[in-house]
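Beneath this line is the structure, given in structure tokens, with notes to follow.
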Amino acid sequence: MAVNDKPTSITSVLQETRVFHPPRDFSKRCAVKSLAEYRKLYNESIRSPEKFWGKQAKNELIWFKPFKKVLQWKEPFAKWFIGGKLNLTYNCLDRHLGTPTANKAALIWEGEPAASGKSGEERTLTYKQLHREVCLFGNVLKRNGIKKGDRILIYLPMVPEAAIAMLACARIGAVHSVVFGGFSAQSVADRIADSQAKLVITADGGFRRGAVVPLKQNVDDALNIKGADGELLAKTIQKVVVLRRANNEVRIEEGRDVWWHRELDYVNANCPAEKMDSEAPLFILYTSGSTGKPKGILHTTGGYLLYAKLTAKYVFDLRDEDVFWCTADVGWVTGHSYVVYGPLANGATSLMYEGAPNFPEPDRFWRIVEKYGVTILYTAPTAIRAFMKWGVDWPKKHDLSSLRLLGTVGEPINPEAWIWYNEVIGGKRCPIVDTWWQTETGGILITPLPGATPTKPGSATLPFFGIVPEVVDDQGRPVPRNSGGKLVLRKPWPAMLRGLWGDPQRYKDVYWREVKGCYFTGDGCRQDKDGYFWIVGRIDDVLNVAGHRIGTAEVESALVSHQKVAEAAVVGRPDELKGQALVAFVTVKGGVSTDGGLREELRQHVAKEIGPVAKPDDIRFAEALPKTRSGKIMRRLLKQIAAGTEIKGDTTTLEDLTVLAKLASAEE
């Protein structure tokens, strides 16, 4: 094959043969106890999807008015539970009042500030208390001119008020758009301009690694940014509600800015839940996209809530006594679905933590697990690899025996990190649910069910009920097992995005044009002989090396399987001969020297693990990799460094700007 010929499938090179079966005692207590039981339910959900989802919606949710029709599908637009009326907060809070759950902890929160060896601040809100706070704040929003259908921008740290603000919006029928607290003033202004938000909810500041993030200042700056036409981007904003959190000095503009705590003095806790249409917009969540303006992913009420509730219940095997800790920020969809809405709809206890995993020391997560008796931990592979780098001594200081289930989210987990997580954190007794999904999907799509699915390190395994994924080539034809291709979804599901806010054409172009009749996920994937799905990374990150399309995730996985490597990121740079050359940025474990022959040793290791075609052309050692505060490696920046071009684009979300400076200077 000539270098410039476009291959039609992805060369999948990762080999993994280990299989882990659910412990028998664990399976006995689960709702789905065996693979056979899973397959029976799954087949029902595929054969008669409307019957399946209609039954689930009636059993799981409280409706003010029953729905008349389960699904109306006019590709690419879906409507679920048509004619039905409900309220999300009624299903998350009110339904638990008058039951024993009312006095159970709904949210347990720990703030970041802590001296070495001392705990951070703590707060616990029962379902009854959370219901009251949500009603009070719902009335604050009404008092400040918010009506059903208005958009509200939420820009807060990871504090209980973030969840309260989201729930209060849903209660009164306002549409929330949460912006991650690490984003810049420009990002805030762009999102206000696109959503035409009327009100911003923010805080004076938030804590991150002991420093104060100036959130209110960022909002002030955002409200003064002008677009290309000279108009203010945020001209629709009428009010700013400010939470006192960090006690840093802020400017309050009379007539526009109000303090959260003062507003509570003017309202009572009587705030009935609005009766919302099943398809009423619930939230807009912006994803950056690699180019152009952010995409406003729109989710609606009934289908999203049902799917978030069911996935939380089955994937995490939620029980009454659980303390469930999803470590994601509410600024991401994982925080929406599995910190707030999914757990609360199930009457579970959800734990929130404000800060960094290694502040003040690298055992902060394990201190929290021990202190609160966390039973389920759901975190990102990036965090797990950081824990590996910091060493086993930190988790070994703590009693982690309360844990009974582990989960991963955000990107494919390499097998070595999976094994470390299983052995060091889970003590070889906790099943691991490696979940694949997206902001657009609303909830988990491909995942093990912990009591039913044998797991393979690095594979998200099998689809959740009602999900029909397929791996196809560039022409949309299914590829043979064990060869890579594009991952598409063949059937609509309740939590799917309902479009991009205000831009139906872009929605069609981005998600429905690539493969006719299918939702295109943007991910490369292969399916093995057992039907298990292995995500090989974003199609954008698939590199054309000498006629082979290679997923960077697999090369990274091979590098991390070397005993001296803590973390790796692989990108491409233009190459006249091969089309693209592989450049690996590698962080080694503590105490390992990068002198001598380590570069060549790692190149040969990759060749041995997955074949000579995947051998990196260049390996660059780095103290750390550039990451966002949510833990995602910013490969866009690494591509620019590898190609030797000027670093362009927004870097405000970087956790540590010095990392970038060191990498860039190392190449000069």
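The values are calculated or read from the model by the stated rules, or taken from the named source; none is laboratory data. The structure displayed is predicted, hence computed values, not measured ones. Here the Cβ is made from the backbone with ideal geometry for all residues, glycine too, and neighbour counts use every protein chain on show. Side chains are part of the model used for accessible areas, which takes the heavy atoms of the whole protein and leaves out ligands, DNA and RNA. Shrake-Rupley method; radii C 1.70, N 1.55, O 1.52, S 1.80 Å.
Given the condition assigned to a helix (DSSP H, G or I) and either under 30 Å from Gly517 (Cβ atoms) or in contact with a strand residue (DSSP E or B) (Cβ under 6 Å, 6 or more places away or on another chain) (or both), answer yes or no: does some residue in segment 59-80 qualify?
Checking segment 59-80: at least one residue is assigned to a helix (DSSP H, G or I) and either under 30 Å from Gly517 (Cβ atoms) or in contact with a strand residue (DSSP E or B) (Cβ under 6 Å, 6 or more places away or on another chain) (or both).
Just checking, how many residues over segment 588-602 are small (Gly, Ala, Ser) and touching a residue at least 40 places away in the same chain (Cβ under 8 Å)?
Of the residues in segment 588-602, 1 are small (Gly, Ala, Ser) and touching a residue at least 40 places away in the same chain (Cβ under 8 Å).
Confirm whether Trp534 is buried (at least 22 other Cβ atoms within 10 Å of the Cβ) and either in contact with a helix residue (DSSP H, G or I) (Cβ under 6 Å, 6 or more places away or on another chain) or part of a strand (DSSP E or B) (or both).
Yes; evaluated as a whole, the condition is true for this residue.
Looking at (1) outside any helix (DSSP H, G or I); (2) out of contact with any helix residue (DSSP H, G or I) (no Cβ under 8 Å at 6 or more places or on another chain), which one does Lys55 not meet, given that it meets all the others?
(1)
Given (1) farther than 19 Å from Lys627 by Cβ; (2) open to solvent by 10 Å² or more (accessible area, probe 1.4 Å); (3) touching a residue at least 60 places away in the same chain (Cβ under 8 Å), where does Ala380 come up short, assuming only one miss?
(1)
Answer with yes or no whether Arg490 is touching an Asp or Glu at 6+ places or on another chain (Cβ under 9 Å), at pLDDT 95 or above and surrounded by fewer than 17 Cβ atoms within 10 Å (Cβ to Cβ).
The answer is yes for Arg490.
Search segment 603-628 for residues being small (Gly, Ala, Ser) and touching a residue at least 24 places away in the same chain (Cβ under 8 Å), and hand back the single one that is most open to solvent (accessible area, probe 1.4 Å).
If we take residues in segment 603-628 being small (Gly, Ala, Ser) and touching a residue at least 24 places away in the same chain (Cβ under 8 Å), then Ala624 is most open to solvent (accessible area, probe 1.4 Å).
Does segment 203-214 include one or more residues that are closer than 23 Å to Thr89 by Cβ and hydrophobic (A, V, I, L, M, F, W, C)?
yes
Residues to consider are Glu370, Glu361; find the one that is in contact (Cβ under 8 Å) with a residue 40 or more places away in the chain and acidic (Asp, Glu).
Going through Glu370, Glu361 in turn, the sole match is Glu361.
Looking at segment 291-335, which of its residues are closer than 22 Å to Val369 by Cβ and in a strand (DSSP E or B)?
Within segment 291-335, Val323, Phe324, Trp325, Cys326 meet the criteria.
Kindly evaluate Arg367 against the criterion of being assigned to a helix (DSSP H, G or I), open to solvent by 20 Å² or more (accessible area, probe 1.4 Å) and not aliphatic (A, V, I, L, M).
yes
Checking Leu344 against (1) over 24 Å from Ala102 (Cβ atoms); (2) in contact (Cβ under 8 Å) with a residue 40 or more places away in the chain; (3) not small (Gly, Ala, Ser), which test does it fail?
Failed condition: (1).
Quick check: is even one residue across segment 543-566 farther than 26 Å from Phe520 by Cβ, at pLDDT 85 or above and touching a Phe, Trp or Tyr at 6+ places or on another chain (Cβ under 8 Å)?
no
For segment 399-456, which positions are of a type in the set (Val, Ile, Thr) and part of a loop (DSSP other than H, G, I, E, B)?
Matches in segment 399-456: Val409, Ile413, Thr435, Ile444, Thr447, Thr453.
List the number of the failed condition for Lys6; all other conditions in (1) open to solvent by 50 Å² or more (accessible area, probe 1.4 Å); (2) modelled with pLDDT of 95 or more; (3) not in a helix (DSSP H, G or I) hold.
(2)
Cβ-Cβ below 6 Å, separation at least six or inter-chain, first residue in segment 426-441 and farther than 20 Å from Glu416 by Cβ, second open to solvent by 20 Å² or more (accessible area, probe 1.4 Å) and outside any loop (DSSP other than H, G, I, E, B): which pairs?
Here the result reads Thr439/Thr287, each pair linking segment 426-441 to a residue that is open to solvent by 20 Å² or more (accessible area, probe 1.4 Å) and outside any loop (DSSP other than H, G, I, E, B).
Mind telling me which of the residues Leu497, Leu487 ends up being over 25 Å from Ile419 (Cα atoms) and either free of Cβ contacts under 8 Å to residues at least 12 places away in the same chain or part of a loop (DSSP other than H, G, I, E, B) (or both)?
When all the criteria are applied, what remains is Leu497.
For segment 57-79, enumerate the residues that are surrounded by 12 or more Cβ atoms within 10 Å (Cβ to Cβ) and over 19 Å from Met276 (Cα atoms).
Once the filter is applied, which keeps residues that are surrounded by 12 or more Cβ atoms within 10 Å (Cβ to Cβ) and over 19 Å from Met276 (Cα atoms), segment 57-79 yields Trp73, Glu75, Pro76, Phe77.
So which of Ser593, Ser557, Ser561 is hydroxyl-bearing (Ser, Thr, Tyr) and under 23 Å from the mean Cα position of the chain (by Cα)?
Residue meeting the stated conditions: Ser557.
Residue by residue through segment 325-348, note down the ones that are of a type outside the set (A, V, I, L, M, F, W, C) and open to solvent by 10 Å² or more (accessible area, probe 1.4 Å).
Across segment 325-348, the qualifying residues are Thr327, Asp329, Thr334, Asn346.
Any residue that is more than 20 Å from Ser177 (Cα to Cα) and aliphatic (A, V, I, L, M) - is there at least one of those in segment 258-268?
Scanning segment 258-268 turns up at least one residue that is more than 20 Å from Ser177 (Cα to Cα) and aliphatic (A, V, I, L, M).
Go through Tyr378, Tyr372 for me and flag whichever is over 26 Å from Lys589 (Cα atoms) and of a type in the set (Phe, Trp, Tyr).
Just a single option satisfies the conditions, and that option is Tyr372.
What is the number of the single condition among (1) open to solvent by 30 Å² or more (accessible area, probe 1.4 Å); (2) within 18 Å of Val178 (Cβ to Cβ) that Asp221 does not meet?
Condition not satisfied by Asp221: (2).
Hey, among the residues in segment 557-571 that are part of a strand (DSSP E or B) and open to solvent by less than 10 Å² (accessible area, probe 1.4 Å), which one's farthest from Glu623 (Cα to Cα)?
Val571
Can you confirm whether Asp322 is in contact (Cβ under 8 Å) with a residue 12 or more places away in the chain, open to solvent by less than 20 Å² (accessible area, probe 1.4 Å), of a type in the set (D, E, K, R) and in contact with an Asp or Glu (Cβ under 9 Å, 6 or more places away or on another chain)?
Considered against the rule, which asks whether it is in contact (Cβ under 8 Å) with a residue 12 or more places away in the chain, open to solvent by less than 20 Å² (accessible area, probe 1.4 Å), of a type in the set (D, E, K, R) and in contact with an Asp or Glu (Cβ under 9 Å, 6 or more places away or on another chain), Asp322 comes out as no.
Does at least one position in segment 261-281 carry a residue that is part of a strand (DSSP E or B), in contact (Cβ under 8 Å) with a residue 24 or more places away in the chain, touching a helix residue (DSSP H, G or I) at 6+ places or on another chain (Cβ under 6 Å) and surrounded by 23 or more Cβ atoms within 10 Å (Cβ to Cβ)?
The answer is no, given that none of the residues of segment 261-281 is part of a strand (DSSP E or B), in contact (Cβ under 8 Å) with a residue 24 or more places away in the chain, touching a helix residue (DSSP H, G or I) at 6+ places or on another chain (Cβ under 6 Å) and surrounded by 23 or more Cβ atoms within 10 Å (Cβ to Cβ).
Out of Asp595, Asp575, Asp523, Asp528, report the one residue that is at pLDDT below 85 and either surrounded by 15 or more Cβ atoms within 10 Å (Cβ to Cβ) or in contact with a strand residue (DSSP E or B) (Cβ under 9 Å, 6 or more places away or on another chain) (or both).
Result of the check over Asp595, Asp575, Asp523, Asp528: Asp575.
Pull up segment 410-469, narrow it to residues that are over 20 Å from the mean Cα position of the chain (by Cα) and of a type in the set (Asp, Glu), then point me to the one that is nearest to Met496 (Cα to Cα).
The extreme case among them is Glu416.
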